[in-house]
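What follows is one structure encoded as structure tokens, with my remarks underneath.
The values are calculated or read from the model by the stated rules, or taken from the named source; none is laboratory data. On a predicted model such as this, the values are computed, not experimentally measured, just so you know. Ligands, DNA and RNA are stripped out before the accessible areas are found, and what is left, the full protein with its side chains, is counted by its heavy atoms. Shrake-Rupley method; radii C 1.70, N 1.55, O 1.52, S 1.80 Å.
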Amino acid sequence: MRHEIHDLLAPLPGTARQVHSFHFGPPQGLGKIYIQASLHADELPGMLVAWHLKQRLAELEAAGRLRQQIVLVPVANPVGLEQVLMDVPLGRYDLESGQNFNRWFSDLGEEVGNAVEGLLNADPQHNLELIRRHLADALARQRPDTQLQSLRLTLQRLACDADRVLDLHCDFESVMHLYTTPEAWPQVEPLARYLGAQASLLASDSGGQSFDECFTLLWRQLQQRFGDRFAIPAGSLAVTVELRGQGDVEHELASRDCQAVLDYLSHFGAIEGQAPPLPELPFPATPLAGVEPLATPVGGLLVFCALPGQYLEAGQRVAEIIDPISDRVTPIHCTHAGLMYARSLRRMATAGMVIAHIAGREAYRSGYLLSP
């Protein structure tokens, strides 16, 4: 194992922070896997899974069973981790800019495309290495102006040449679910099966330039620009894994999720050894554009009538909003049928607040598809 420390731009003297990466396996192996946890710093189940992975990967490396390089970043956001206000962690948004930590990573598709246009040929391996080299160079030329930009660039530089990128998150109260692209789904489905994902949400571009999509979108842009003339492979497969809810920080769950990730890595050959048979997929993959963000039109005490993981019929009551002053009870019904995979942790709702997400089978939304 090799431990590297990456200094971030300090906003003020004496406030420097670092990102720590741990590198396992052969540096010039058959590929590279990048795994990070807790980019939203108040989402801690992934951090515990990463800690378990760190112990297991060290054992596998010592046994000579790692065929690919695996880079692990267990604390992907030291900036947000320190944002605690009156005992409340505030790790989703950067308090200085108000920006979501998992949005607006650098979009370098046009710049890289311009750099490689005269150098591409009919060999997909040549083009893969060429594009990765120019992407790394483009990221190296970027100069951050803020600590947030410095954090984003550090993470992008660590992952830009990875064949597979796993970004470990969680929701508020939820079942296991994940996000990836329709193009990547055939290769991600085994991971969904090993994890027991109850929802798998697919979109080529969900908006917001999130961490996973800053890689997949670059390769998609290059395929659209050059694919009719040159062989452009899908150079990066990325997936966001939502490890249930914020309160699910338990060794039993983390150990199980760690094993699921290792089984997945064994399944496609990154780890030497026979992977277990693929389990059944609990719920089929559905379009992210088919997710219903269920909002309440009024504020009040939020009382749920449905649990995460429950399949709801169209028009089914999901919650009630109670006004304890007027005694008015407002039922909240879903419009579309689907699996309720996540719900709010808060129990006092404000008017217009999204209280749950329901994965429907048919796409009906477009544009920006993510939560704020």
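Worth pointing out:
- Residue with peak Gaussian network fluctuation, the chain [Cα springs, cutoff 10 Å], from Tyr179, Tyr311, Tyr194: Tyr311
- Per residue, region 306-372 exposes 54 Å² of accessible surface when a 1.4 Å probe is rolled over the protein heavy atoms with every protein chain present.
- Taking the centroid of alpha carbons for each part, region 194-211 and region 287-304 are 19 Å apart.
- Protein accessible area in the chain, 1.4 Å probe - carbon and sulfur %: 53
- Computed Kirkwood radius, in angstrom, where 1/r is averaged over Cα pairs of region 33-143: 17.1
- Full-stretch length increase - Leu90, Ala275 - with 0.36 nm per residue and alpha-carbon distance subtracted: 62.7 nm
- Euclidean distance of C-alpha centroids, region 101-136 and region 321-370, integer Å: 40
- Solvent-accessible surface of region 30-70, taken per residue with a 1.4 Å probe and all protein chains present: 36 Å².
- Note: relative contact order over the chain, using C-alpha pairs below 8 Å and six or more positions apart, is 17 percent.
- Derived from the Cα gyration tensor, the three semi-axes of the equivalent ellipsoid of region 1-52 are 24, 17, 9 Å, largest first.
- Shape category assigned to region 174-320 from the gyration tensor of Cα positions, a/c cut at 1.5: oblate
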